[in-house]
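First the structure, in the form of structure tokens, and then the observations on it.
The values are calculated or read from the model by the stated rules, or taken from the named source; none is laboratory data. This structure is a prediction, so every number in the text was calculated from the model and none was measured. All Cβ positions, even for glycine, are placed from backbone atoms using ideal geometry, and neighbour counts span all protein chains on display.
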């Protein structure tokens, strides 16, 4: 990423929540979500570039979920 992109805001923030157990209906129980990275707009495209600052080991073991949260752009 260039320094020009560094001064802009990301499109999305990426958070990860670990699966901590299952409820009585078999649905996953999630722990607190923690921000692990962001999605930045790719210059000249509508696509985004993912930048992860942390890689949770649970993610590699399919033991959690990712959330994409839009970043509000200033008007």
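Quick check, is residue 58 outside any loop (DSSP other than H, G, I, E, B) and touching a residue at least 24 places away in the same chain (Cβ under 8 Å)? First the steps, then the outcome.
Numbers: outside any loop (DSSP other than H, G, I, E, B): yes; touching a residue at least 24 places away in the same chain (Cβ under 8 Å): yes.
Considered against the rule, which asks whether it is outside any loop (DSSP other than H, G, I, E, B) and touching a residue at least 24 places away in the same chain (Cβ under 8 Å), residue 58 comes out as yes.
Look at the stretch 3-15: where a residue is at negative phi and at pLDDT below 85 and a partner is surrounded by 17 or more Cβ atoms within 10 Å (Cβ to Cβ) and not in a loop (DSSP other than H, G, I, E, B), sitting 6+ places away or on another chain with Cβ atoms under 7 Å, you get 5/40.
Residues are listed down the side, and each one gets a yes or a no for (1) at pLDDT 95 or above; (2) loosely packed, with under 13 Cβ neighbours inside 10 Å; (3) farther than 15 Å from residue 13 by Cβ:
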site	(1), (2), (3)
41	no, no, no
51	yes, no, no
60	no, yes, yes
70	yes, yes, no
74	no, yes, yes
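For the stretch 29-47, the tally of residues that are touching a strand residue (DSSP E or B) at 6+ places or on another chain (Cβ under 9 Å) and not in a strand (DSSP E or B) stands at 5.
Please find, among 50, 19, the residue that is more than 15 Å from the chain's Cα centre (by Cα) and part of a strand (DSSP E or B). Steps first, please.
Numbers: 50 fails: more than 15 Å from the chain's Cα centre (by Cα).
Answer to the check: 19.
Being surrounded by 15 or more Cβ atoms within 10 Å (Cβ to Cβ) and modelled with pLDDT under 95, is that true of even one residue in the stretch 24-37?
no
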